[in-house]
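Values quoted throughout were computed directly from the atomic coordinates according to the rules given, and no laboratory measurement underlies them. On a predicted model such as this, the values are computed, not experimentally measured, just so you know. Here Cβ is always computed from backbone atoms with ideal geometry, including for glycine, and neighbour counts include all displayed protein chains.
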Amino acid sequence: MTLSESAAAPVDEVVLEAVGLTKHFPVRRRLRDLFSRTPAVVHAVDDVSFALRRGRVTALVGESGSGKSTVARLLAQIYPRTAGDIRLHGTSTRVRGGRPFRSYVRRVQLILQDPFASLNPVHTVRYHLTRSLKIHGNAGHGAEDLDAALGRLLTRVSLTPPERYLDAFPHELSGGQRQRVAIARALGADPEVLLADEPVSMLDVSIRLGVLNLLQDLKERLNIAILYITHDIASARYFADETIVMYAGRMVEGGDSETVTQNPAHPYTRLLTDSAPDPERITGDGAGVDTAAGKDRGQGEPPSLIAPPAGCRFHPRCPHAMRRCTTDLPPRLDIGDRPGHWAACWLYDPDTVAADAPGSAAPDADPAVPPPPAAVEQDGTATLGEAR
């Protein structure tokens, strides 16, 4: 599909879909594990499901090690999946290389985090873009067509005049310019989906906004679907239409970006939003730090993904953990404040909260922390207790 055909396609059409996507990496076996019937694996991604829609940005948010980049590489089919399905326009796809893989990446392109590492330092911008155009059959039929295509790509990513950059090497460009070249290389395939794996985290703060505005403009003008992977939930609110939060390889909350970032439901999402810089919370007197019996909220390390905890994977760090959280994996539960807002948290199951009476807290629960209400107040605001 060409860019003109992509722009004419209906907005919100599902282009790429992950269904129960799972990836386990085998661990090198030690001598004592040779006779084990269940080899150890790293549970990098478990049961991840979402859809990328044309003309919309979906943000995948979480701390380092939560499985975000693994999801991007699974969708790019760089990693083979352990379980689940990847559907392109509703059709299940599994490619291993050769022409099927080339046909797939013509429609789904990956933008990596570090532009200096993703560009060959001994080749010019002209080489990188020409190779992309020729591999995907968009170089035209002669030198004149190729030069025109190169000029269009650089103009599309706001590197003008093109003649100034075509014969430059990566080390001669700034970080923002290198990332724009990487985006132009991806656009050389005329893709329908861009998988942006933390595209601004390696850039100076002063130029991050320019790259995000560029991706926003490409989304609107070319009507493509974008997966935006980041650990900065504040930028997800600014840039993305939908936000999905991941923790320890699992999805814990999802919904439209404004709701997820302004009214977070899951305790982990609340910790993410509280960790984002906010001038209104800087008072100099420690206000906004929720301490109960001398403990900070969310204190501790992420769990081992070789032997993840049973039940909710966040329960060892959760200030509202209940008995059921330690045994049963929570399903997606509708919050009810906005359409499509959900959280994988037993706090929003009335039966579970009612069964966990105030006097029968889990052994590790802090008695100074009162149990949260069962679900949602009448005005639709999640009742987990404000930490700000």
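Numerical summary
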{"read-out": "Prolate/oblate/rounded call for the range 104-145, Cα gyration tensor, a/c under 1.5 rounded", "value": "oblate"}
{"read-out": "Protection-proxy order for peptides 263-276, 13-26, each taking the mean of Cβ atoms within 10 Å per residue, highest first", "value": "263-276, 13-26"}
{"read-out": "Spatial separation of Cα centroids for the range 127-190 and the range 211-253, in angstrom", "value": "24 Å"}
{"read-out": "Highest to lowest packing among 80-90, 187-197, scored as the average C-beta count within 10 Å", "value": "187-197, 80-90"}
{"read-out": "Relative contact order (%) - the range 141-262, alpha-carbon pairs under 8 angstrom, separation at least six", "value": "17 percent"}
{"read-out": "Additional length obtainable on full extension of the chain from N120 to N213, 0.36 nm per residue less Cα span", "value": "30.9 nm"}
{"read-out": "With 10 Å bins from 0: P(r) over the range 227-267, alpha-carbon pairs, percent", "value": "31, 61, 8"}
{"read-out": "Relative contact order (%) - criterion: Cα under 8 Å, at least six apart; region: the range 120-188", "value": "46 percent"}
{"read-out": "Highest-first arrangement of 143-154, 68-79, where packing means the average Cβ count within 10 Å", "value": "68-79, 143-154"}
